[in-house]
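Comments concern the structure below.
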Amino acid sequence: MSDTQLSLICPPLRTNCYFDENPISYLTRLADKNTYSSYRWLLEGKGGKTVDFEKLYQACFDTEWTGFESTAYHLSQICALPKTHLNSKWLRYCPICLQEENYWRISWQLKISVACIQHRIWLKDLCPHCQKPYRFHGPRKNSSKCLEYLARAETKPAPIAVIRLQQFLETGMLTGDHPFFDTSQWLPLARRYELLVFLMSWLAIGEDSAKPGRQTFEHMADFSVRTKQCADALFSDQNGFWRYLQTIHLARASFIGIQQKRLVYFYRQFFNEFPEPLFQRLKEIVEQYATENLIRDITKKNTLFSPDAKKMQRWYSFSRACREYNLAPSELNRAIIDKQVAVHLEQTNTEYSMCSVYRPDLEKILPHLKGLVTAYEAANILGVTKAQFLQLQNNGCFKFEVAPRRGYCTTWQYSKLELETLMETINKSAATPTEDCVLLAPTMKNRIQGRIDLPFLQVFRGIVSGQIIVRKPDAKSRTFREFWLDKVEFCKWIKGLQPQSNAMTITDVAELFRISEEFAYQLVNRGYLIHSVGPRGTKLVFPDHIRRFRREFVILSKLSETSEIASSRIMSILEDAEIYPVDHGDRKKLRQILYAREDLLKSSFLFRYVQHLPETRL
């Protein structure tokens, strides 16, 4: 061999190459045609002892009789790729392609090639005869025997997403409106390859590792699963890349610190390695995911993020949250102690703990944090006495309240916004005074005192629920002590609070139905037996409620008594007719079996017993 440029020696017998043929495949066919033991006998010059696809392609291209000047454009592109991108040792192949034309396609030598886009099947990289990789250069040994089996290897269809990934790798073609790429822009083969290798490498990240190691992509068994995951990320649906980010962020990472480091390393590498406009949509998704999941401040120093991302991040440090929302540290600390906001604590190398606050939680309670008032101030806003406010406080009338605790706050605190909103709502619904009106304050003292329990609580609930109409002479906002009430309307409301003589308690209902008191309470609490609530919160049942229950439901034990048929026999008949108790799908069953009356009427066998049940008082 000389030190001149690599070139081909013209053999006695020659043949033309195929349009997408691997140069080594062509030289191997040419060597076989001339019965040479190695294709290297055809090479002359520097570089013939190693596999260098670019030099081999150029040597073939410069030789007129090879036909390489008429090959496909992507053949020269693939051969010009860096050596690290091409498989120079092992052959991957499509059995169907070999059956049609027995030569090696250049696209098979891309290290991350996994599928044949023409036949939509997975490529193979093992000989079906010896189950070993086929080495296409070096000592031949049994390689000729293995070659006979390659075309007969069993094939397996590849998922459509994998086919689209392979098509994107080989040709750069994107079908339709792709959610992540601008189909009007062209991306060179090397950049397509580097993108896919980058994404697949991150899928191979080790257990509790912050970044992936170097990947070889030699044997398909080692990375075919990752290829499918990458294909699903880019070529399945518009949420595929988001799922990919969740996988690399959270999978095989048992510590939040590792998860955060992964996210930081990934977005830095991705933004730095893929600055082209074609990757803009992918970078936007990475940015959105990072802003939602990074538990750290994104500041002006983080130049990779857009200004909008820095505004939309979901986690703030404790100091930044106080600064941005104009909160005293003690106010935010109380919200954290009360678990009103989600926080993340990270222990640093020193004894100092970094605290991050979840912004959506903070913004939700921000009006309350900025407008907390004491119980005394809350009573003044409502215009009630201390005793009246105590009735409201003890009966859970406020959505937001903070109890006093040592080292936290010394008094009860309430939301000023909640109280002012309540008074604004009541003032808006106030009517004009009638001829016979009285102020609420003296009415509470002279007309209600001693007649009902917790009188102000009852009046407060009546006003808030709209049962009592408050009145005022002008548009001025007023408090409870300044509202007017119509005497006739108020007396009627008080009379309605007192139970009617024919009202029954739950105990009375149990005796009437001859059932257990527990079962009676179940019927009431689950809504099968309608009831009303008395002035002291007592559950009362009236005759109309009883009649309605009897029209809609049947208790199995009572039906058994009337029909003189055993309960088990009745249940068996109904189950055969696919008629089940009302609590059939409930996890917690009723104390006794209860059926819907309309379901029982569907049974011809029980119809004569059920149709007159209201009259039989069941």
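Figures for the structure shown
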quantity	calculated
Residues located in the range 50-106, provided they are part of a loop (DSSP other than H, G, I, E, B), basic (Lys, Arg) and either touching a Phe, Trp or Tyr at 6+ places or on another chain (Cβ under 7 Å) or crowded, with 19+ Cβ neighbours inside 10 Å (or both)	92
Qualifying residue in the range 580-594 (condition: polar (S, T, N, Q) and under 15 Å from residue 523 (Cα atoms))	yes
Residues being open to solvent by 70 Å² or more (accessible area, probe 1.4 Å) and either under 17 Å from residue 424 (Cα atoms) or in contact (Cβ under 8 Å) with a residue 60 or more places away in the chain (or both) - total across the range 361-384	2
The range 256-313: number of residues that are open to solvent by 60 Å² or more (accessible area, probe 1.4 Å) and among the charged types (D, E, K, R)	10
Given (1) crowded, with 18+ Cβ neighbours inside 10 Å; (2) of a type in the set (A, V, I, L, M); (3) modelled with pLDDT of 90 or more, index of the condition residue 253 fails	(3)
Among the candidates 139, 133, 157, residue that is over 30 Å from the mean Cα position of the chain (by Cα), modelled with pLDDT of 85 or more and surrounded by fewer than 16 Cβ atoms within 10 Å (Cβ to Cβ)	157
Residues of the range 402-423 classified as assigned to a helix (DSSP H, G or I) and more than 39 Å from the chain's Cα centre (by Cα), total	1
The range 218-246 - residue that is open to solvent by less than 60 Å² (accessible area, probe 1.4 Å) and small (Gly, Ala, Ser) and, of those, farthest from residue 116 (Cα to Cα)	240
Wholly enclosed helices (runs of 4 or more DSSP H) of the range 562-613 bearing at least 1 residues of a type in the set (Asp, Glu)	567-576, 597-600
Residue count, the range 503-551 (criterion: open to solvent by less than 60 Å² (accessible area, probe 1.4 Å), within 26 Å of residue 599 (Cα to Cα), part of a helix (DSSP H, G or I) and in contact (Cβ under 8 Å) with a residue 12 or more places away in the chain)	12
Subset of the range 51-90 (residues that are of a type in the set (Gly, Ala, Ser) and modelled with pLDDT of 90 or more)	59, 67, 76, 80
Pairs where the first residue, in the range 552-565, is closer than 20 Å to residue 511 by Cα and the second is of a type in the set (Ser, Thr, Tyr) and open to solvent by less than 10 Å² (accessible area, probe 1.4 Å), C-beta under 6 Å, 6+ apart	554/595
Segments classed as helices (runs of 4 or more DSSP H), wholly inside the range 286-358, with at least 3 members that are under 27 Å from residue 410 (Cβ atoms) and out of contact with any Leu (no Cβ under 6 Å at 6 or more places or on another chain)	318-324, 329-337
Tally of residues being part of a helix (DSSP H, G or I), farther than 30 Å from residue 355 by Cβ and out of contact with any Ser or Thr (no Cβ under 8 Å at 6 or more places or on another chain) across the range 221-260	16
Residue satisfying condition, being surrounded by fewer than 17 Cβ atoms within 10 Å (Cβ to Cβ), closer than 21 Å to residue 275 by Cβ, of a type in the set (Gly, Ala, Ser) and out of contact with any strand residue (DSSP E or B) (no Cβ under 7 Å at 6 or more places or on another chain), within set 201, 209, 184	184
Residue count for the range 363-421, restricted to those that are basic (Lys, Arg) and under 22 Å from residue 326 (Cβ atoms)	3
Search result, residues across the range 160-181 that are aliphatic (A, V, I, L, M), crowded, with 17+ Cβ neighbours inside 10 Å and in a loop (DSSP other than H, G, I, E, B)	174
Residues of the range 142-154 that turn out to be open to solvent by less than 90 Å² (accessible area, probe 1.4 Å) and at pLDDT 90 or above, as a count	1
Residue list for the range 234-279, filter: touching a residue at least 60 places away in the same chain (Cβ under 8 Å) and of a type in the set (S, T, N, Q)	236, 269
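The values are calculated or read from the model by the stated rules, or taken from the named source; none is laboratory data. From a predicted model like this one, the values you see are computed outputs, not experimental measurements. In this analysis, Cβ positions are derived from the backbone assuming ideal geometry, glycine residues included, and neighbour counts consider all displayed protein chains. To get the accessible areas, we keep the full protein, side chains included, count just its heavy atoms, and leave off ligands, DNA and RNA. Shrake-Rupley method; radii C 1.70, N 1.55, O 1.52, S 1.80 Å.
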